[in-house]
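These notes are about the structure you will find just below.
Laboratory data are not the source of any read-out in this text; all were calculated from the coordinates shown. Note that the structure is predicted; figures quoted are calculated from it, not measured. All Cβ positions, glycine included, derive from the backbone under ideal geometry; neighbour counts span all protein chains shown.
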Amino acid sequence: MPDYRLLAESCGKDILADVDDFWLWLLSHLQEYLPRGSNPDLEGILLIGESAGGFLALQSVLRSPVDIFAAMILEYPMIDLREPHYTQDYEKVMWDPPFPQFDRKIFEHHMATLTNAGGPVTNATGFGRMNLAFVVSQRGLYEGLLGSDPSIYPLDIIHEVDRLPPTWLIHGTGDTIVPIAGTHKFVREVFKQLPDWKLHTSFMKGEHMFDKMDQRVSTKTDWVAAGISFISSSWMSTRRALS
């Protein structure tokens, strides 16, 4: 995804508006920036997103007014943003070795020093921003920052969907940053609504971003190869159906 407005300077509706604007631009204006004679295939897009990017990829599918997504890979996606991990303040062991329990005053100071002079934040790095993200998680501040609109929460609107593309879900069973319970709940809710949904899961032992942290993981690793095989065949067959 391109840059988008971030919490806590912006809210959930701002973030999703940026996602909507990106897809509108891609479908309406991408051709203008390509060499003469280029003809991009925008009718069978493969979406890939991890962590917060998994949330944005899923929201792209749920919000799209046109059926352009042929397959989707979601890696440890943030989906059930109403679960206690994101909404309640209690001691949370996060990462291995664990991060400290950050003081809520870090968040309060950040909010108190916000100004409109610099505009919204769309790209931020460094430990200061990482600490802010951990405060938001540990102190259960997501719902207050995202807002209450049901459209922000995938599980609130999944019952409105009549199709999801074939999906490869990847998640570490020991994920302390984005608990896998939200992914399991998502799978259950989708199958209630769409019993024929094509799904491949790789729920592996490990922490958040386990596949990036383990240098032994490659395209030849058994579970990765199986997922690639599933998503490749599903992507191609769905593209033919959409075109």
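Summary table
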| item | result |
| --- | --- |
| Efficiency of FRET between W95 and F191 - r from beta-carbon atoms, R0 25 angstrom, step 0.05 | 0.20 |
| Chain lengthening between V217 and D149 when straightened (0.36 nm per residue, less Cα-Cα) | 20.6 nm |
| Inter-part distance where the stretch 152-191 and the stretch 1-80 are each reduced to a Cα centre, Å | 17 |
| Per-residue Cβ neighbour rank within 10 angstrom, fewest leading, E108, E9 | E108, E9 |
| Dipole of the chain, positive end: most advanced residue of A181, L132, A71 [Cβ charges, Cα centre] | A71 |
| Mean ellipticity per residue at 222 nm, deg cm²/dmol - from DSSP H runs of n ≥ 4 across the chain, formula -39500 (n - 2.57) | -12500 deg cm²/dmol |
| Eligible lysines near K198 by straight Cα distance, threshold 24 Å, same-chain separation 8 or greater | K185, K220 |
| Total formal charge among the other residues, if their Cβ is under 13 angstrom from that of K13, Lys/Arg +1 and Asp/Glu -1 | -3 |
| Anisotropy class of the stretch 11-64 from Cα gyration tensor, a/c 1.5 cut | prolate |
| Whole-number percent relative contact order across the chain, with pairs defined as alpha carbons under 8 Å at least 6 apart | 26 |
| About the Cα centre, charge dipole magnitude for the stretch 71-204 (Lys/Arg +1, Asp/Glu -1 at Cβ), debye | 140 |
| Partners for K105 among lysines (Cα-Cα distance below 21 Å; same-chain residues under 8 apart left out) | K92 |
| Nearest 10 degrees, 0 to 90: helix 52-63 Cα axis against the chain principal axis | 50 |
| Normalised convex hull volume, the stretch 165-243, alpha-carbon set, Å³ per residue | 100 |
| Cα gyration tensor shape of the stretch 1-95, rounded if a/c is under 1.5, else prolate or oblate by comparing a/b with b/c | prolate |
| Calculated FRET value between Q88 and I228, using beta carbons and R₀ = 45 Å, to 0.05 | 0.75 |
| Environment charge of Q88, counting only residues whose C-beta is closer than 12 Å and scoring Lys/Arg +1, Asp/Glu -1 | -1 |
| DSSP loop chymotrypsin sites (Phe, Trp or Tyr not before Pro) with at most 15 other Cβ within 10 Å excluded, longest remaining stretch of the chain | 96-196 |
| Extension gain from R63 to F203, taking 0.36 nm per residue of separation minus the Cα-Cα distance | 47.8 nm |
| Extension gain (nm, one decimal) between I106 and A124, 0.36 nm per residue minus Cα-Cα | 4.8 nm |
| Spread of Cα-to-Cα distances over 5 Å intervals beginning at zero, given as percent, for the chain | 1, 6, 12, 17, 18, 17, 14, 9, 5, 2, 0, 0 |
| Degrees between helix 12-29 axis and first principal axis of the chain (Cα, 0 to 90, nearest 10) | 30 |
